[in-house]
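See below for the structure under consideration.
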Amino acid sequence: MQENQGVWVFIEVNEGEIEGVSLELLGAGRKLADKLEVPLSGVMLGEGVLPIANEVIYSGADQVYVVDHPVLKNYRTESYMKGVCILAEKYKPEIFLYGATPNGKDLASAVATDLSTGLTADTTMLDVDVDKRLLEASRPAFGGNIMATILCKKHRPQMATVRPKVMKALEADTERKGVIIEEEFNLREEDMRTKVLEIVKDVTKKASLAEAHVIVAGGKGMGDPQGFQLIHELADVIGASVGGTRDVVEAGWLKHEQQVGQTGETVTPKIYFAIGISGAIQHVEGMKNSELIIAINKDPNAPIFDVATYGIVGDALEIVPKLIQQFKELSKEKGGEMSYA
């Protein structure tokens, strides 16, 4: 019998609430655990987190390891890394998944270093080779031109960080039963080399593409900055957010926070307009889970049509103005309101 067994998910908690990506990973982890016929476990650290441990069970886990301690009130690499490593060395998981958030990426890299194991960063697809018991963590590589599947053959646990919005959370089942395992470690504040003196929140209001219900995204197929203005006009008419490809951002037509793709935002809107976008893997990985995708491209063989719900073959510079006019007329008929329910 092999020494390392079980699939673990690090459960990130902020201000008393579980991060969405952690719930998404429980959904993905459930599939991996079922294939390997092993338990799925959540790992939750913090202060005052025990009362929400059942939410991890409801979302797919069989058990939750909880370390509830004042030293863990605020995230610090040192304290969280020590707690996670003690758990991993004691229970020896086979696979360990983290959300690719700032804290998740920081913690995963520190844990991988301490446990002398591998780590695949910014994964967008997960699977497992049951016979070899290998985690298949895939992500775009070489500028998004290919998908690379990365294996960790010699070391355990096999670890990966996964981007938010690329996996699907299970629907919470409050009838689901599981085991909560409370762990107590000798963590002392005076032993910590870093101190949290103050937390200053950014109160600047920023529109998040990840939360948008409708996104109008444009690519270099719009020709130039003037042509790209049609993307903004269409978005204004239908009340949507504006996004774009990496090429558009690098050309200075959009800000980086408006980039959709592997090196930008991962989005799952109800409607996604992909206009003048060829459909490179790097971009598609960031939007393929949208509920409805409408693509406009003059190349009938453009890869974007492979993931589109509806496709229009033609010159975007001719089609988009007609769409803008049609939506304006529709908006007038509906009293200026657009609904996407």
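Before moving on, here are some points about what is shown:
- Only one entry in 29, 42 is assigned to a strand (DSSP E or B), within 25 Å of residue 122 (Cβ to Cβ) and touching a residue at least 24 places away in the same chain (Cβ under 8 Å), namely 42.
- Flag if residue 275 is modelled with pLDDT of 90 or more, under 20 Å from residue 317 (Cβ atoms) and either touching a Cys at 6+ places or on another chain (Cβ under 8 Å) or of a type outside the set (Gly, Ala, Ser) (or both): yes
- Filter pass, residue 13 being open to solvent by 10 Å² or more (accessible area, probe 1.4 Å), closer than 29 Å to residue 210 by Cα and among the hydrophobic types (A, V, I, L, M, F, W, C): yes
- Condition met for residue 20 (closer than 25 Å to residue 128 by Cα, small (Gly, Ala, Ser) and open to solvent by 10 Å² or more (accessible area, probe 1.4 Å)): yes
- Some residue of the stretch 69-83 being without any contact (Cβ under 8 Å) to a residue 12 or more places away in the chain, out of contact with any Cys (no Cβ under 7 Å at 6 or more places or on another chain), more than 17 Å from residue 9 (Cβ to Cβ) and not in a helix (DSSP H, G or I): no
- Filter pass, residue 99 being in contact with a helix residue (DSSP H, G or I) (Cβ under 8 Å, 6 or more places away or on another chain), on the phi < 0 side of the Ramachandran plot and surrounded by 21 or more Cβ atoms within 10 Å (Cβ to Cβ): yes
- The one condition in (1) touching a Gly at 6+ places or on another chain (Cβ under 8 Å); (2) buried (at least 20 other Cβ atoms within 10 Å of the Cβ) that residue 298 fails to fulfil: (2)
- Test: residue 275 is closer than 22 Å to residue 163 by Cα, open to solvent by less than 20 Å² (accessible area, probe 1.4 Å), touching a residue at least 12 places away in the same chain (Cβ under 8 Å) and of a type in the set (Val, Ile, Thr): no
- Only one entry in 237, 242 is within 30 Å of residue 164 (Cβ to Cβ), out of contact with any strand residue (DSSP E or B) (no Cβ under 9 Å at 6 or more places or on another chain) and not in a loop (DSSP other than H, G, I, E, B), namely 237.
- Residue 40 vs. criteria under 28 Å from residue 172 (Cα atoms), open to solvent by less than 10 Å² (accessible area, probe 1.4 Å) and of a type outside the set (Ser, Thr, Tyr): yes
The values are calculated or read from the model by the stated rules, or taken from the named source; none is laboratory data. All of these numbers come straight from a predicted model, not from anything done at the bench. With ideal geometry, Cβ positions are generated from the backbone for all residues, glycine too; neighbour counts draw on all protein chains shown. For the accessible areas, the whole protein counts, side chains as well, though only heavy atoms, and no ligand, DNA or RNA atoms are used. Shrake-Rupley method; radii C 1.70, N 1.55, O 1.52, S 1.80 Å.
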